[in-house]
Amino acid sequence: MSLTPTAPTARPAARGNPVARFVANNGALVGLVILCVALWIATPHFMTTDNVLNVVVQASTIGLLAFGQTFVIVAAGIDLSVGSVAAFAAMVACWLSANVGWPGPVALVAGLVLGLVVGVVSGVSIAYGKLPAFIGTLAMLSVARGLTLVVSDGRPIGTPDAISFLGSDIGGFPVPIIVFAIGGVVCSFVLTRTVAGRSMYAVGGNLEAARLAGLPVKRILVTVFALSGVYAALAGMLLAGRLNSAQPQAASGYELDAIAAVVIGGASLSGGSGRASGTLVGALILAVIRNGLNILNVSSFWQQVVIGLVIAVAVGIDVLRRKNTHP
Amino acid sequence: MNKNIRTALAASAALALTLSVTACGRDSTSGTSSDNQQVTIALSTLNNPFFVDLRDGALAEAEVQGITLNVLDAQDDAATQANQIQTAVTAKTAALIINPVDSDAATAAVKPALDGNLPIVAVDRGVTGVDVDSFIASDNVAGGAQAADALAKAIGEKGKVIWLQGTAGTSASRDRGSGFETQIATYSGITVVAKQTADFDRTEGLDVTTNLMQANPDVVGIFAENDEMALGAVQALGSKAGTTVFVVGFDGSDDGLKAVQSGTMVATVAQQPKELGKAAVDAIAKLLKGETVDATQSMPVVTVTSDNISDYIS
């Protein structure tokens with residue numbers, strides 16, 4: 001891994017003809033296309049405008065969590081708290097609106113700020129408190145979920161209009177897709193066009209070298225967790241908006257789906273690589289599988305097996321491909 | 001170190017004194033038993049309005065009976081629950097109400113307590129292979145059948161229906177499902193076109209229903225094994241809910257009842273969690289007084305529709 005903050009996104013490029021190169025660089029995208037074509041053939045109900053929009057809407061929550069997670073994983077960290085933080089931020093925002101009487105938009109912004117604060121707390125405990133990221137965010141997973149229950153007393157709270165809007169549609173076009181798209185563009189922009197983003201690759205590629213090169217490593221680590229916190233809070237709002245209700249147990253376990261989406265998208269858990277576009281494809285793959293299995297009415301017992309296998313195969317192929325292109 | 005021990009001793013002495021004084025005070029006024037009335041209720045989770053209601057019902061009844069209730073929340077973790085029960089028994093709880101996280105896993109934790117002649121009541125879920133003093137639960141199989149009847153009535157006994165299942169392998173899902181399956185089969189005009197799990201979760205209910213409606217746009221009814229999934233289905237159906245597609249849920253949760261009131265859900269089979277909690281404390285109170293109680297108590301479930309919603313919503 002090169003240390004210069006302007007290094008390319010560390011994706012190996014195959015030599016030879018452009019098609020082979022494209023396939024080698026976009027394994028997950030090719031997988032997604034194959035999956036879609038297979039479902040298109042298997043059922044007439046998959047490739048319809050409505051259903052495609054559904055799939056993207058259903059990918060949006062995990063997708064936003066995964067965009068936030070991408071920053072963290074690029075910097076060689078991991079954030080297990082995203083599902084809990086999503087529920088916590090949405091619950092507090094709805095509570096502020098319903099019980100304290102804050103206007104919806106203000107409560108929404110307060111929830112996002114809360115996500116930021118929670119992310120900074122995790123980041124500080126990891127960068128300055130020297131906790132391993134796995135442990136620091138595992139602690140936050142528990143704390144944030146617990147506080148969600150405290151705030152809500154274990155009961156759902158209705159959403160204000162501003163949050164419901166995030167889950168509604170404008171003239172038939174779903175708002176979650178718009179939010180998801182903006183989240184993706186911002187994620188991609190930060191990673192590829194900003195000094196902070198480029199520094200994340202350097203920190204993830206080789207932390208010690210990045211420090212010696214004079215990068216503010218600790219501040220960068222706090223930044224990635226702060227970004228992950230904000231994205232988690234936004235995902236939580238979106239989820240609550242779709243349900244018109246903030247649920248105390250919302251998004252539990254989603255951290256694993258978010259991590260899976262990032263890894264399926266080609267990022268390495270050892271840091272230094274990962275792209276927003278890959279994460280987008282990863283999130284879509286998970287949503288397409290769930291949607292397809294429902295439409296095909298596959299037994300619920302088998303669904304979990306299939307999802308697990310697809311994750312293993314997707315990442316396995318990626319690992320093999322890297323070995324071949326970079327002997 | 002010594003100072004700490006002395007402080008602790010003094011504190012516990014003071015506590016014991018207070019407790020005995022309180023107990024005496026209660027004795028002289030209400031005339032209940034003079035034994036230690038500290039009863040432990042070990043709940044599977046409080047991360048679910050159902051169990052919060054169950055706790056509230058138990059607490060209310062405990063106050064009536066002059067029992068101090070120590071509420072434990074295992075957060076759906078069987079190992080945590082085993083530890084909590086062990087600790088409670090060591091701390092000489094007078095009796096135990098258990099709502100197992102897992103019926104099989106609870107056996108090991110409950111057995112020593114039972115051998116110690118502690119009165120034990122299981123509520124909502126049983127304890128496998130152990131004869132607790134009383135097992136109190138809703139009749140989930142009958143409830144599933146009631147749900148099938150309510151759905152059949154709503155759709156005029158004909159058409160295609162979707163069945164949203166709970167978490168695979170749980171007893172609630174098994175029982176409600178089997179009751180529903182048997183009863184819905186008696187209506188020859190009704191076909192179950194899809195049965196899929198949505199994990200008792202509202203978000204999953206929304207996503208799975210959206211997906212299933214793609215493949216089965218002509219569905220007229222949905223049965224969900226709990227209200228959370230039913231509410232997700234309602235969200236997925238939008239304006240179709242209650243007009244062209246009829247949704248029946250299960251549990252009678254606050255949000256479920258509200259949905260029945262507003263017409264987006266046609267019925268919910270109401271469990272009565274507060275009654276479950278009340279009955280459990282009631283049974284414990286009897287056991288502590290040396291009276292006998294029924295070994296199993298089936299709490300009836302009620303089909304709540306627009307006809308009787310006013311009895312359930314305040």
* **Cβ neighbours within 10 Å from other chains - mean over A:237-248** => 4
* Using a 10 Å cut-off on Cβ to Cβ distances, tally the other chain neighbours for every residue of B:253-262 and report the average as a whole number. => 1
* Structure fact -> In nm, the gap between the two label points placed 7 Å beyond Cα toward Cβ at residue A:153 and residue B:117 is 4.1
* **chain B shape via C-alpha gyration tensor axes, a/c threshold 1.5** => prolate
* In peptide B:192-200, how many Cβ atoms from other protein chains are near each Cβ within 10 Å, on average? -> 3
* Structure fact -> Checked against the positive end of the charge dipole of the protein assembly as shown (+1 on Cβ of Lys and Arg, -1 on Cβ of Asp and Glu, about the Cα centre), the farthest of A:268, B:72, A:291 is A:268
* Structure fact -> Sorted on mean Cβ neighbours within 10 Å (highest first), peptides A:25-38, A:132-145, A:49-62 come out as A:49-62, A:132-145, A:25-38
* Structure fact -> Length gained, residue B:79-residue B:160, 0.36 nm per residue minus C-alpha separation, equals 24.9 nm
* To do: Could you calculate the FRET efficiency of residue A:120 with residue A:211 from 1/(1 + (r/R0)^6), where r is the beta carbon distance between them and R0 is 22 Å, rounded to 0.05?
  => 0.60
* How far is it, in nm, from the label point at residue B:193 to the one at residue B:305 when both lie 7 Å from their Cα along the line to the Cβ? -> 2.3
* Asked: By average Cβ neighbour count within 10 Å, what is the ranking of A:275-288, A:230-243, B:168-181, A:100-113 from highest down?
  -> A:230-243, A:275-288, B:168-181, A:100-113
* **Net dipole in debye of region B:140-271 [+1 Lys, Arg Cβ; -1 Asp, Glu Cβ; about Cα centre; nearest 20]** => 400
* Structure fact -> The set of residues whose placed amide H lies less than 5 Å from the amide H of residue B:70, leaving out same-chain residues fewer than 5 positions away, is B:39, B:40, B:41
* To do: Go through B:134-144, A:162-172 and give me the packing order, highest mean Cβ count within 10 Å leading.
  => B:134-144, A:162-172
* Among all helices in chain A defined by DSSP H, which have a length of 20 Å or more along the axis from Cα atoms plus a Kyte-Doolittle mean of at least 0.5? -> A:27-42, A:49-74, A:104-127, A:133-152, A:175-193, A:217-243, A:276-295, A:300-325
* Identify, among B:263, B:221, B:96, the residue whose Cα sits farthest towards the positive end of the charge dipole of chain B, taking +1 on the Cβ of Lys and Arg and -1 on the Cβ of Asp and Glu, with the dipole about the Cα centre. => B:96
* Asked: Is the shape of region A:53-124 best called rounded, prolate or oblate, per the rule: a/c under 1.5 gives rounded, else a/b larger than b/c gives prolate, else oblate, with a ≥ b ≥ c the square roots of the Cα gyration tensor eigenvalues?
  -> oblate
* Simple Cβ-charge dipole of region B:200-314, Lys/Arg +1 and Asp/Glu -1, about Cα centre, in debye nearest 20 -> 180
* Applying 1/(1 + (r/R0)^6) with R0 = 35 Å to the Cβ-Cβ distance of residue A:106 and residue A:170, what FRET efficiency is obtained, to the nearest 0.05? -> 0.95
* To do: Could you tell me which of rounded, prolate or oblate describes region B:140-271, using a ≥ b ≥ c as the square roots of the eigenvalues of the alpha-carbon gyration tensor, with rounded for a/c under 1.5 and, failing that, prolate when a/b is larger than b/c and oblate otherwise?
  => rounded
* Structure fact -> Checked against the positive end of the charge dipole of region B:91-162 (+1 on Cβ of Lys and Arg, -1 on Cβ of Asp and Glu, about the Cα centre), the farthest of B:155, B:114, B:127 is B:155
* Asked: If you take the beta carbon distance between residue A:47 and residue B:296 as r and set R0 to 60 Å, what does 1/(1 + (r/R0)^6) give as a FRET efficiency, to the nearest 0.05?
  -> 0.70
* Structure fact -> So, relative contact order of region A:145-274 in percent, Cα under 8 Å, 6 or more apart, is 38
* Asked: About its Cα centre, how strong a charge dipole does chain A have in debye, to the nearest 20, once Lys and Arg get +1 and Asp and Glu get -1 at the Cβ?
  -> 980
* Relative to the present Cα-Cα distance, how much length would full extension add between residue A:142 and residue A:128 at 0.36 nm per residue of separation? -> 3.0 nm
* To do: May I ask you to derive the relative contact order of chain B, considering only C-alpha pairs under 8 Å and at least 6 residues apart, and to give it as an integer percent?
  => 19
* Structure fact -> Contact order relative to length for region B:114-183, counting C-alpha pairs under 8 Å separated by 6 or more residues, stands in percent at 34
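Throughout, read-outs are computed from the coordinates displayed, never taken from laboratory work. The structure displayed is predicted, hence computed values, not measured ones. All Cβ positions, even for glycine, are placed from backbone atoms using ideal geometry, and neighbour counts span all protein chains on display.
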